[in-house]
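Notes for the one structure printed next.
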Amino acid sequence: MSTGETEEQEIARKHSSKRNFFKLLLTLGVISTVGSLASLFRVLNYLPPPVQTGPLAWPVVTLGNISSLDPATPLRFNYPLVDTPAVLLKCGVAAENGVGPDSDIVAFSNLCQHLGCVYATLPVGASPPCNSSFVAPIPQGYCCCHGGQYDFLEAAKVVGGPPPRPVPQVLLKYDSSTGDISAVSMAPPTIFGKGPPGTTDLALVLQYDLTGGDLVTQETVFSS
């Protein structure tokens, strides 16, 4: 007992010390738990998704006929999974990997490689809904989230904003006897959110892009 301290005061002081000690332990425990969870989330964010087992093959689906394509109206569809949006555009001039008589029909993943927003697809002279002062000088993608821009004539090369890489191209096949256009596979890199960002190994791209959802079919390729 401290000098001048009553028995009741000493008991109260000891109880107060114990409370403060347990509060300290609780605080340290919370900090440790939060830190562990944060570390876990950071680890999980960089782990690739589970790889699909069994035979791996890109779905082949018909997107339409060249006679029905409108250069002013992009065609939206799902590929290669029902939850991975893509877009097709008839550019009007030859484009890298373009198909059709004029090699001007191309398609790309519709998810921006910056943060995964769905970007606007602009024919020449069009403006995005978020920026009426911008007029597309080329057929391109324009992301309204952070201003990312992709050149559709050059395999979606980044020409503006923060995206670190092009959006992956949907490879098309043109049947000259019928005019039908089909999606047959994807070019690297990986679709945003489907694997380690920027993966370019074709075997890994195939694995990652087909993971975590249902493959499109002719019945689901245009489902909303």
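The values are calculated or read from the model by the stated rules, or taken from the named source; none is laboratory data. Computed from a predicted model, the values in this text were never measured in an experiment. Note that each Cβ is placed from the backbone with ideal geometry, even for glycine, and that neighbours are counted across all protein chains shown.
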Considering (1) in the same structural domain as Y79 (by TED's automatic domain parsing); (2) part of a loop (DSSP other than H, G, I, E, B); (3) under 19 Å from the mean Cα position of the chain (by Cα); (4) not aliphatic (A, V, I, L, M), say which one S185 fails and leave the rest.
(2)
All but one of (1) farther than 20 Å from L89 by Cα; (2) in contact with a Cys (Cβ under 9 Å, 6 or more places away or on another chain) hold for D209; which doesn't?
(2)
Odd one out for L210 among (1) surrounded by fewer than 17 Cβ atoms within 10 Å (Cβ to Cβ); (2) within 18 Å of the chain's Cα centre (by Cα); (3) not acidic (D, E)
(1)
Single unsatisfied condition, T220 versus (1) assigned by TED's automatic domain parsing to the domain that holds S109; (2) surrounded by 15 or more Cβ atoms within 10 Å (Cβ to Cβ); (3) hydroxyl-bearing (S, T, Y)
(1)
Every residue in the stretch 116-137 that is buried (at least 19 other Cβ atoms within 10 Å of the Cβ) and either outside any loop (DSSP other than H, G, I, E, B) or in contact with a helix residue (DSSP H, G or I) (Cβ under 6 Å, 6 or more places away or on another chain) (or both), please.
A120, T121, L122
Looking only at residues that are touching a Phe, Trp or Tyr at 6+ places or on another chain (Cβ under 7 Å) and in a loop (DSSP other than H, G, I, E, B) in the stretch 78-95, which one is surrounded by the most Cβ atoms within 10 Å (Cβ to Cβ)?
P80
Going by the conditions given, is G141 out of contact with any Phe, Trp or Tyr (no Cβ under 8 Å at 6 or more places or on another chain), under 30 Å from A203 (Cα atoms) and not β-branched (V, I, T)?
no
I'm trying to understand the selection: among the residues of the stretch 190-205, which are surrounded by fewer than 20 Cβ atoms within 10 Å (Cβ to Cβ) and in contact (Cβ under 8 Å) with a residue 12 or more places away in the chain?
G193, P196, P197, G198, T200, D201, L202, L204
Which residues, counting only those in the stretch 98-115, are loosely packed, with under 15 Cβ neighbours inside 10 Å and under 23 Å from the mean Cα position of the chain (by Cα)?
L115
Flagged in the stretch 157-182 as in a loop (DSSP other than H, G, I, E, B) and touching a Leu at 6+ places or on another chain (Cβ under 8 Å), in numbering order, are V167
